[in-house]
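The values are calculated or read from the model by the stated rules, or taken from the named source; none is laboratory data. The shown structure was predicted, so the numbers you read here are calculated from the model rather than taken from an experiment. Counting neighbours? That spans all protein chains shown, and the Cβs are built from the backbone with ideal geometry, glycine included.
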Amino acid sequence: MNSTNKMSLTHRILISMVAGIAMGVLLQTFAADSQFVQDYIINGLFNIVGTVFVSSLRMLVVPLVFVSLVCGVASMQDTARLGRLGGKTVALYLATTAIAISIAMAVALLIKPGAGMELVSDAEFVANEAPSLAQVIIDMFPTNPIASMASGNMLQIIVFALLFGLSIAIAGEPGQRIASMFEDFNVVIMKLVTLLMNIAPYGVFALLSKLFYEIGFDAIYSLFGYFMVVLAVLIIQAAVVYPVLLKLLSGLNPLIFVKKMREAFVFAFSTASSNATIPVTLETATHKLGVRNSTASFTVPLGATINMDGTSIMQGVATIFIATVYGFDLSAGQLLTVILTATLASVGTAGVPGVGLITLAMVLTQVGLPVEGIALIIGVDRLLDMVRTAVNITGDSMVTVAVAKSEGDLNIATYNDPEAGLKDEEVHLPHGESTKARVGGSQLA
Ligand code: ASP
């Protein structure tokens, strides 16, 4: 297979996205009453293919994050660097979230979606108790790493992998033996990611057909203002804020970044899960954008867990929308509280579908708004969830590239090479070539 074929995988994924959306909308328009379509196509074929696809992505997440992070940390020559890397990454994650929600609230205050809307919803929303910040910190530390892996608790897995990798780095010869075993594991797991990428066009098509068949477009009409404001700010964040920040922080050409993010964007959009998208985001960051594996394997899973810029955009607009509909006037102090709580809520939002709506309860409670207001926006949340998840992972990748550049962990030639990473999409890797060098991602030593 040559790289022209590989170009076609990216294109096939993009085409299957458009085809999936079209198929869903067509079936909903012309075959909504057909029991056959409902039973055999939507809940049969599409459901099976889509679910298997998401399950296999999720299957990879825990082993991939653990193994690649252990490899990354174990190979760090200078362990003090880890603290610096962590500090920069977390600071940028929080800053980008605060910027995102500030823009969202400014636009929402300007446009005031929900003004003049009548309160006609009889849907109910029961909020779960939000965990305290202290509890969030305590919960980051596992008591049983196997249990953390079994339940897919990402922060606990990250903490354990960091400590484990550090111990490998300082354990002398036995450490080196374990490290080389982990490197081999890493190669194999990345190969699995490659295999999976090849079934992606079918998975994406099935998922989107089913989703767009099921989405209630009527809800969008009645919540048009809210929907459009969230969507517009999400687009501003992805198409303006990230490129500008990337240019300012790293001096790199942001157009290349946007172009190389397309595939991960489609995965996030189709699955509505930052977590399930980790294998693809990591692949994109290392192979296409040229970030060294030791950096990306730390920043990408961390971002998928704590950095939710798109989610905070929805929360910012939703807060203003709910306040307007219920006739509340938020003071400047309350607006600031929303920015702070939504930034923290972003940390507590797991990268799975729909959680942003649950942590919105925390933000509303903080400023005394009725939590039942969430019921008003549930109808359009699924579609927005898809778009905001794509924004979430774009933010993770932007910060990853910026931090890597500042740490000398970015291979600029790979970043600028439009063909970079395309070879890695091949199922049959050429024999005799060192797969390890490529799987490590960056051609940085
Ligand atoms: N689905 C989002 C994500 O995985 C989280 C959310 O906003 O609900 O990033």
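Can you confirm whether the stretch 231-244 contains a residue that is more than 15 Å from the ligand (Cβ to nearest atom) and in contact with a Cys (Cβ under 7 Å, 6 or more places away or on another chain)?
Applying the first criterion (more than 15 Å from the ligand (Cβ to nearest atom)) to the stretch 231-244 yields 232, 235-236, 239-244.
Those still in the list that are in contact with a Cys (Cβ under 7 Å, 6 or more places away or on another chain) too: none.
Checking the stretch 231-244: not a single residue is more than 15 Å from the ligand (Cβ to nearest atom) and in contact with a Cys (Cβ under 7 Å, 6 or more places away or on another chain).
Is there a residue in the stretch 382-400 that is surrounded by fewer than 19 Cβ atoms within 10 Å (Cβ to Cβ), farther than 30 Å from T79 by Cα, at pLDDT below 95 and within 16 Å of the ligand (Cβ to nearest atom)? Before you say what the answer is, go through the steps one by one.
Filtering the stretch 382-400 for residues surrounded by fewer than 19 Cβ atoms within 10 Å (Cβ to Cβ) gives 382.
Then keep just the ones that are farther than 30 Å from T79 by Cα; that gives 382.
Checking which are at pLDDT below 95 leaves us with 382.
Subsequent filtering for residues that are within 16 Å of the ligand (Cβ to nearest atom) retains 382.
Yes: one or more hits.
Inside the stretch 322-346, can you point out the residues that are under 22 Å from I393 (Cα atoms) and away from the ligand (no atom under 12 Å from the Cβ)?
Step one: of the stretch 322-346, the residues under 22 Å from I393 (Cα atoms) are 339-346.
If the condition is that a residue be under 22 Å from I393 (Cα atoms) and away from the ligand (no atom under 12 Å from the Cβ), then I339, L340, T341, T343, L344 are the ones that fit.
Tell me which of these A361 doesn't satisfy, since it passes every other one: (1) within 15 Å of the ligand (Cβ to nearest atom); (2) surrounded by 23 or more Cβ atoms within 10 Å (Cβ to Cβ).
It fails just one condition, (2).
Quick check on the stretch 210-244: of everything there that is among the hydrophobic types (A, V, I, L, M, F, W, C) and outside any helix (DSSP H, G or I), which residue is surrounded by the fewest Cβ atoms within 10 Å (Cβ to Cβ)? Before the answer, list the steps.
Step one: of the stretch 210-244, the residues among the hydrophobic types (A, V, I, L, M, F, W, C) are 211-212, 215, 217, 219-220, 223-224, 227-236, 238-241, 244.
Subsequent filtering for residues that are outside any helix (DSSP H, G or I) retains 215, 223.
Working: I215: 19, L223: 22.
Restricting to residues being among the hydrophobic types (A, V, I, L, M, F, W, C) and outside any helix (DSSP H, G or I), the top hit is I215.
Check every one of the helices (runs of 4 or more DSSP H) wholly within the stretch 313-420 and list those with 2 or more residues that are touching a residue at least 40 places away in the same chain (Cβ under 8 Å) and of a type in the set (S, T, N, Q). First the steps, then the outcome.
Working: elements: 332-348, 355-366, 374-377, 381-406, 412-416.
Of the helices (runs of 4 or more DSSP H) lying wholly inside the stretch 313-420, those with at least 2 residues that are touching a residue at least 40 places away in the same chain (Cβ under 8 Å) and of a type in the set (S, T, N, Q) span 332-348, 355-366, 381-406, 412-416.
List pairs: first residue in the stretch 111-139 and of a type outside the set (D, E, K, R), second residue surrounded by 15 or more Cβ atoms within 10 Å (Cβ to Cβ) and at pLDDT below 80 anywhere in the structure, Cβ distance under 9 angstrom, at least six positions apart or on different chains.
Sorted first by the residue in the stretch 111-139, then by its partner, the pairs are M117/S222; V120/S222; A130/G348; P131/G348; L133/G348; V136/G348.
Identify the residue in the stretch 1-48 that is over 11 Å from S209 (Cα atoms), of a type in the set (A, V, I, L, M) and in a helix (DSSP H, G or I) and, among all such residues, is modelled with the lowest pLDDT.
Out of the qualifying residues, it is M7.
If I filter the stretch 275-287 down to residues being within 13 Å of the ligand (Cβ to nearest atom) and of a type in the set (S, T, N, Q), which single residue comes out as farthest from N411 (Cα to Cα)?
The residue in question is N275.
For the stretch 288-311, give me the residue count where each residue is more than 15 Å from the ligand (Cβ to nearest atom), in a helix (DSSP H, G or I) and in contact with a Lys or Arg (Cβ under 7 Å, 6 or more places away or on another chain).
We begin by selecting, within the stretch 288-311, every residue more than 15 Å from the ligand (Cβ to nearest atom); these are 288-299.
Still in the list and also in a helix (DSSP H, G or I): 288, 293-299.
Those left that are additionally in contact with a Lys or Arg (Cβ under 7 Å, 6 or more places away or on another chain): 288.
Selection size over the stretch 288-311: 1.
Right, V107: closer than 30 Å to Y202 by Cα, surrounded by fewer than 24 Cβ atoms within 10 Å (Cβ to Cβ) and of a type outside the set (S, T, Y) or not? Let's see the steps before the verdict.
Working: closer than 30 Å to Y202 by Cα: no; surrounded by fewer than 24 Cβ atoms within 10 Å (Cβ to Cβ): yes; of a type outside the set (S, T, Y): yes.
No.
Every residue in the stretch 306-340 that is surrounded by 24 or more Cβ atoms within 10 Å (Cβ to Cβ) and among the hydroxyl-bearing types (S, T, Y), please.
Matches in the stretch 306-340: T311, S312, T319.
Being charged (D, E, K, R), part of a helix (DSSP H, G or I), surrounded by fewer than 17 Cβ atoms within 10 Å (Cβ to Cβ) and touching a residue at least 12 places away in the same chain (Cβ under 8 Å) narrows it down to one residue among K191, K247; which is it?
Details: K247 fails: touching a residue at least 12 places away in the same chain (Cβ under 8 Å).
Among K191, K247, only K191 is charged (D, E, K, R), part of a helix (DSSP H, G or I), surrounded by fewer than 17 Cβ atoms within 10 Å (Cβ to Cβ) and touching a residue at least 12 places away in the same chain (Cβ under 8 Å).
On the basis of being more than 13 Å from the ligand (Cβ to nearest atom), hydrophobic (A, V, I, L, M, F, W, C), touching a Ser or Thr at 6+ places or on another chain (Cβ under 6 Å) and farther than 23 Å from V73 by Cβ, does A375 make the cut?
When the stated conditions are applied, A375 passes them.
I'd like to verify a number: residues in the stretch 348-358 that are touching a helix residue (DSSP H, G or I) at 6+ places or on another chain (Cβ under 7 Å), of a type outside the set (G, A, S) and surrounded by fewer than 19 Cβ atoms within 10 Å (Cβ to Cβ), how many?
Looking only at that region, the number is 1.
Within the stretch 140-152, which residues are surrounded by 17 or more Cβ atoms within 10 Å (Cβ to Cβ) and either part of a helix (DSSP H, G or I) or without any contact (Cβ under 8 Å) to a residue 12 or more places away in the chain (or both)?
P145, S148, M149
Checking the conditions here, which among V363, V387 is closer than 24 Å to R58 by Cβ and either of a type in the set (G, A, S) or out of contact with any Pro (no Cβ under 6 Å at 6 or more places or on another chain) (or both)?
Details: V363 fails: closer than 24 Å to R58 by Cβ.
After applying the criteria, what remains is V387.
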